[in-house]
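Below: the structure, in structure tokens.
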Amino acid sequence: MNITKGFARKIMIFGCALSALMSATLAQAESFNFGKNVEVAYEGWRPLDDGSFSFMFGYMNENWEEEPDVDIGENNFFSPGGADRGQPTHFLPRRNRFTFEVNVPSDWGERELVWELTVNGVTRRAFATLKDDYLVDNMVIASETGSLGAGTSSPESRANVAPVVTLQGDTVNGEHVRSVRAGEPLSFTTHLMDDGVPRARRSVDTIRAIAARGGESTTEEMVQRQMAMRIPWQPTVGKINGLFLSWNVYRGAGKVSFDPPQPKSWEDTRPGSNSAWGLSWSPPDIADDGMINTTVSFEEPGEYILWGRGDDGGLYHDAFMTVTVTD
């Protein structure tokens, strides 16, 4: 009887694993690189010290490769009030959480603020309100972005302070402004400071430890391939904690290249994707003085806004730079 039950249990586990694998395969088959729309997302709100509030927004670009550009106007606007509330016009692939915030006054009350975006002929709207269910704190951010398990926290995570990103160089009216010719490199330096919380998790250390336990016949490459083939089991997005800085295009339609290649600020779960959400990712080495040098080049003239996000795994901080690119 016990043997029968054990066999039945193995069949059930195999069936569940096969079902999960088929679901993952089907999801991959139904994914798109180009041509799909962008779903806008209201992430929640948080109170500010002056009594006003910040509405927090993000998005889900249904494409894996296409990065749509939608200028402020009839296809990318807020209402009521001004159409331009600092939202992006360049949309990175897949899920981007807590991308930007919109400040509203202390007397906002029960009104709604609506973000409307049309991409590839499909219109989507996000409705922001001050309802209690949407109140966000640091634990919500860490949980939603995958730094913590769903509904969990720890003394370490509660003590975490967001990193601070400071772009070096002169400012114009408080804003960092640069100019460069198309095709020419523009170098700049960013200072990234953090409290070291949460403690970084280096996948490479895990891989080496597993390989060492396996003996001489087990290589790090073998372990990494095995980890990459595992069927995901967790119900929420998972993220590898570790400090990194990622510069990306926030506004501007031309092709832009960064050197060195930047860690992805979006949830790319594929192995080797250079994303904190990807299997086997390890945070980059950062100098003790926190200074990070980056070079960017633009193929086409125009006005661009670059967005730098410092992320420690649980919390984040942003910096922006406006670049005028001439012929």
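Calculated FRET efficiency, residue 212 and residue 137, Cβ-Cβ r, R0 51 Å, to nearest 0.05?
Efficiency, from the Cβ-Cβ distance: 0.80.
Tabulate in residue order the Karplus-calculated ³J(HN,Hα) for segment 45-53, using 6.51 cos²θ - 1.76 cosθ + 1.60 with θ = phi - 60°, rounded to whole Hz; enter x for Gly and Pro.
So the J values, rounded to whole Hz, are 9, 9, x, 10, 4, 7, x, 7, 9.
For segment 46-189, just run the numbers: alpha carbon Rg, then divide by 2.2 N^0.38 Å, N being how many residues it has. Walk me through the numbers on the way to the answer.
On the way: Rg = 18.0 Å, N = 144, 2.2 N^0.38 = 14.5 Å.
Cα Rg divided by the expected 2.2 N^0.38 Å: 1.24.
Would you give the gap between the C-alpha center of segment 32-93 and the C-alpha center of segment 247-289, rounded to a whole Å?
Their Cα centres are 20 Å away from one another.
Given just the C-alpha atoms of segment 238-327, how large is their convex hull per residue in cubic angstrom?
Cα-based convex hull of segment 238-327, divided per residue, equals 104 Å³.
If a/c stays under 1.5 just call it rounded; otherwise compare a/b with b/c (prolate if a/b is bigger, oblate if not). Do that for segment 43-93, with a ≥ b ≥ c from the square roots of the Cα gyration tensor eigenvalues.
oblate
Cut-off under 15 Å on the C-alpha distance; same-chain residues fewer than 8 positions from residue 131 excluded. Which aspartates and glutamates are left, in chain and number order?
Within the straight-line limit of under 15 Å, residue 131 reaches these aspartates and glutamates: 43, 107, 110, 112.
Can you give the extra length, in nm with one decimal, that the chain gains between residue 191 and residue 72 once fully stretched, where that is 0.36 nm per residue apart less the Cα-Cα distance?
Between residue 191 and residue 72, full extension yields an extra 39.8 nm.
Could you give the length gained by full extension between residue 175 and residue 153, i.e. 0.36 nm per residue of separation minus their alpha carbon distance, to one decimal place?
The span from residue 175 to residue 153 would gain 4.3 nm if fully extended.
What three numbers, in Å, describe the spread of the alpha carbons of segment 93-164 along their principal axes, ordered from the longest?
44, 36, 26
A short reminder: the numbers here are calculations on the coordinates, not readings from a lab. Please read all numbers here as calculations on a predicted model, not as lab measurements. As a convention, Cβ positions derive from the backbone with ideal geometry for all residues, glycine included, and neighbour counts pool all protein chains shown.
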